[in-house]
Each structure stands twice: as structure tokens, then as C-alpha cells.
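The values are calculated or read from the model by the stated rules, or taken from the named source; none is laboratory data. What you see is a predicted model; the values in this text were computed from it and never measured. Every residue, glycine among them, receives a Cβ derived from its backbone with ideal geometry; neighbour counts consider all protein chains shown.
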Amino acid sequence: MSTAPSTVTVRTPEGRFRGAAHPTHNEFSSINFCVIPGPFHDSRPRRGSAGELIDATVAHPEHVALSITTPPGASVGDDLPVIVYIHGGSYDSGTHEEEDSKGTAMAQAGVIMVRLGYRTGLPGFAHLSDDEDHHYRGVADCQWGLEWVQRCIEYFGGDPTNVTLMGQSAGAGIALWLTRRDHYRGAFRRLIAMSPAYPRGTFAQRKGTLRRLLSTPITRRHLTELAEKNPEKLRRGYRRLRSRFFHDLALGPGPFAASELVNIPILITCTREECFHFVPFVSRLDRRGRGGIAVRVMAKTMGLEIPASSYLQSAREIYPHREMSQLIGDSGIRRWVSDTAENAPAQCWVLQYEGTEDHPMLHCDDLPLVFRPQPSRRTIHRIMVDFARDTTPPWPRYRRSEGRTVAIYDALSGSLYTQNDPLKPVRLAFTHHIPWKSAGAR
């Protein structure tokens, strides 16, 4: 005979939230923090009333919502550190209830974890002609989530003055975007950006292609009508757009420039072998010995700013037969890590995960080390938790004048050591932090 799970209720000025009580943690699932009047319209904050009872025992990953994981017994006045996590998914997929980012381990370490959802795909990241420069609805959704945390997290036992914003892949791109001077509102004190990803081209450059694929003007009114009357046509058109840009992200904010960030501490990470199996077609080219030819053909498209022969020389010093896969990861992810380390006005610590050619450390392979650490592999988890507690990482911060120190995590042995300037090939290959000429995001 099954029994109903235990529940726990937290009272806030914006409602009474009933969550699930587990022996190791409490879970409050899919709390709505914003109101979305239409798929292509700006959201606004949702404000509840103190007497309202909100059932947060059941997850609704299809909603734009947030989920909270707390230590058992956490309550107002505990002032526990808070991590707000933004999921990845190429800006077109993913939810706040991803299995690979559960907050249980964080709660067991005495940290409250909030996972934010946002609009993905065209509703979240199609930049329309009447949108302000650098404004994206998916990013704005996250902004409202952060403000909800500021208003309510203390009632769950968290300290609203000690919030760390964390994101992975597209989520790291959003987290960095929220750290821009024109976006930052003081809702977090430090940032953890794991493998941040941005597109190499603007939505404006792809707008004509999307118009042809959808056979409709790319305006707020027309896209809203299409979403309401023929959503499958909208999804099919976007899938075709994405296939046209298999070597890049089809959507995402931009252009990113680390010099535009505010001065808060940053811990930024990447893997050396980010995209070795990310694009199957590219992996096949490398395996057949044609990766070098592909690099030469695609160099300009990928934003390479040095001769392809120079890039190939440095890439082959790491892995002789992964040239194009290396370029995909370097141009889509590691260049942004290098730019942030070089040009952000803040103190910055850099961590790179490294595997081998037979056992590469791929994009997303770091997530278990952060959120589901094994007893013998808790180093990375502890570093993240300590950073959220305002403890600096156990290696020197990145300084151009002092060797550009980066921490290296050996994925096979689990050891951590430092190395000077391992991102040098990326820094030299992508010398400009803005990969396109347009100054705005339209």
C-alpha cells in the first residue's frame, strides 16, 4: 500500500508554498514567477498574495517556472548561501527540471539551489525589429526569476544578499548576459559560467532565411498568429533553420563582449574536448582524415582570424585527428571563456577539464562532477560550493601579467593542477571578441 509523500509548507508574502519533504532535502517544484501574455510578448513579474496556497509538490517542466531545493529544516533566518542555476540547451530546448542538475547534493552541502526556466527557441530568442538592442525575452524571463528570489528566498532559509548565479552552455551565456552593465540589477554577487555558448552570427543575418522557411513576415504579430494557428509549421520552420546552421547555434544573444560586464567575481569553466562528438557529421570528417580540409574550407565561417595552417598546427599538437571538432568547440565555446578571462573587469578564475582522445571530456560531462559527485570525485563540487560561500578557488586568479594561470582538472585521475596559458591557441585564433561587424543585436 503506497503512502502519500510528506509535505512541507513555507509561508511568504507571495503565498504559502507546499513542497515535498524528503529525508535529505525539501523540494518545491515549478513555481510560477512571471506572467507571459503571449509567446512573443514580454513577460511581467507574477506577484501572489500571502494567503494563497500554491502546490509545489508536482513538477511541470513545460512551464516557465523555478524549482527550489533546500536542506531539510531550512527556515527564515538561516541565511544559507543560494545558487541560482540556468539550464542549457542551445537556446532552443531544456527545462528547469533537468535530471542532470538536481539540487540534492547542493542542499546536502548546506546550499539552497534554485533552478530557473525561461522561454526557449524563437519565442525566447528571435530578436524582432521593435525589440530594444540586446533585449531577449528568454533572458528577461530569467531576470524576473532572479527578482522573485530576492523577494522570497529568505523565507526558504536563503540569504538574498548571498546569491551566486550559475549557468551551463546556453545557460552560462544567459548568466553572462545578465552580468552586462545594461542588465545587471544587483540580484547576485558572483557568477559561475560553465562552458558558455553564443552563436557566431546574429538573428538579423538569419532573419531572411527564416522568413523564407516560414513564408511569413518575421514580426511579433505574424509570429504570434502562427504560434496560435499553426504551431507545427513554426516548429518545422525552426528545425529547418537549425539544420542550415549545423555548425553553429541558430539562436542566442549577441554580440557578447566581456568588457561590458560588471565587476563581480567570476568562475568560468570549459572542457578541452567540448564538441568532439557534438556534430556527428564533423566527427565523421575527422575520423576519415578530412578534418584539416574542413578547417581550411570553413575557417572564415567559423570566425577564425589567423591562417588555417597556423590553427591546424596548434590543434594537432593536442589531438592530431580532431581538427574540425576542435574548431567547433573553440569557436563556439572556448573563445568566450578566453575573452571573459582576458577582458572582464572583475577577478576571474578559469578551470579547464581535460580528457584524452579515447576518453574525451565532452560538453556537459562536467555536470555530474558539480551536481552528482561520487564519493571519490568531490573536488569540483566542493569548489563550487565554497565559491558560493564566498571562498576563492584554490588556485591563482587569471592575470594577463602573471602567466594567465588556469586550473586543469584531469578527468581520468581526478587530480587538479595549474598550467600557464593553455587557452593561448584560442586567444590567438580569435583575436576580436565580437565576431561580426554590426554594433547592435538587430
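For the reader, a short list of remarks on this structure follows.
- Among the conditions (1) modelled with pLDDT of 90 or more; (2) buried (at least 21 other Cβ atoms within 10 Å of the Cβ); (3) closer than 25 Å to His321 by Cα, Cys275 misses just one, which is (1).
- Hits in region 216-255 (condition: of a type in the set (A, V, I, L, M) and either without any contact (Cβ under 8 Å) to a residue 40 or more places away in the chain or assigned to a loop (DSSP other than H, G, I, E, B) (or both)): Ile218, Leu226, Leu241, Leu249, Ala250, Leu251
- The condition (being under 19 Å from Ala341 (Cα atoms), in contact with a Gly (Cβ under 9 Å, 6 or more places away or on another chain) and of a type outside the set (Asp, Glu)) is satisfied by just one residue among Pro265, Pro255: Pro255.
- Cβ pairs under 6 Å, 6+ apart, first in region 387-400 and under 18 Å from Gly110 (Cα atoms), second among the hydroxyl-bearing types (Ser, Thr, Tyr) and not in a loop (DSSP other than H, G, I, E, B): Ala388/Thr164
- Screening Asn230 against (1) surrounded by fewer than 22 Cβ atoms within 10 Å (Cβ to Cβ); (2) of a type outside the set (A, V, I, L, M, F, W, C); (3) over 25 Å from His41 (Cα atoms) leaves a single unmet condition, (3).
- Only one of the numbered conditions (1) in contact with a strand residue (DSSP E or B) (Cβ under 9 Å, 6 or more places away or on another chain); (2) outside any loop (DSSP other than H, G, I, E, B); (3) surrounded by fewer than 20 Cβ atoms within 10 Å (Cβ to Cβ) is violated by Leu267, and that is (3).
- Scan region 360-379 for residues that are more than 15 Å from Gly103 (Cα to Cα) and aliphatic (A, V, I, L, M) and the total you get is 2.
- Scanning region 336-355 for any residue that is surrounded by fewer than 16 Cβ atoms within 10 Å (Cβ to Cβ), farther than 24 Å from Thr405 by Cβ and not β-branched (Val, Ile, Thr) turns up nothing.
- From the options Met384, Met302, residue that is at pLDDT below 95 and buried (at least 22 other Cβ atoms within 10 Å of the Cβ): Met302
- Residue check for Leu213: part of a helix (DSSP H, G or I), of a type in the set (A, V, I, L, M) and free of Cβ contacts under 8 Å to residues at least 40 places away in the same chain: yes
- Qualifying residue in region 162-171 (condition: surrounded by fewer than 23 Cβ atoms within 10 Å (Cβ to Cβ), modelled with pLDDT under 95 and of a type outside the set (A, V, I, L, M)): no
- Region 37-54 - residue that is more than 22 Å from the chain's Cα centre (by Cα) and surrounded by 18 or more Cβ atoms within 10 Å (Cβ to Cβ) and, of those, nearest to His135 (Cα to Cα): Gly48
- Scope region 35-69; condition aliphatic (A, V, I, L, M) and part of a loop (DSSP other than H, G, I, E, B); matching residues: Ile36, Ala50, Ala56, Val58, Ala59, Val64, Ala65
- Residue pairs whose Cβ atoms lie under 8 Å apart, separated by 6 or more positions or on different chains, with the first residue in region 419-442 and over 28 Å from Asp130 (Cα atoms) and small (Gly, Ala, Ser) and the second assigned to a loop (DSSP other than H, G, I, E, B) and modelled with pLDDT under 95, are Ala429/Leu304; Ala429/Glu305; Ala429/Ile306.
- Among the residues of region 160-200, those that are over 18 Å from the mean Cα position of the chain (by Cα) and either farther than 19 Å from Ala388 by Cβ or assigned to a strand (DSSP E or B) (or both) comprise Pro160, Thr161, Asn162, Arg181, Asp182, Arg185.
- Output for region 332-362, where each listed residue is hydroxyl-bearing (Ser, Thr, Tyr) and at pLDDT 95 or above: Ser338, Thr340, Tyr353
- Just one of the listed residues (Trp144, Trp148, Trp177) is modelled with pLDDT of 95 or more and in contact with a Ser or Thr (Cβ under 8 Å, 6 or more places away or on another chain), and it is Trp144.
- Neighbours by Cβ (under 7 Å, 6+ apart or cross-chain): first from region 123-142, farther than 14 Å from Thr219 by Cα; second at pLDDT below 95: Asp133/Gly440; Asp133/Ala441; Asp133/Arg442; His134/Ala441
- Filtered by the rule that a residue be surrounded by fewer than 23 Cβ atoms within 10 Å (Cβ to Cβ) and of a type in the set (Lys, Arg), region 100-118 gives a lone residue, Lys102.
- You will find that of Phe17, Phe40, the residue that is in contact with a Lys or Arg (Cβ under 6 Å, 6 or more places away or on another chain) and over 21 Å from Phe188 (Cα atoms) is Phe40 and no other.
- Boolean, Val139 is over 14 Å from the mean Cα position of the chain (by Cα), among the β-branched types (Val, Ile, Thr) and closer than 27 Å to Arg240 by Cβ: no
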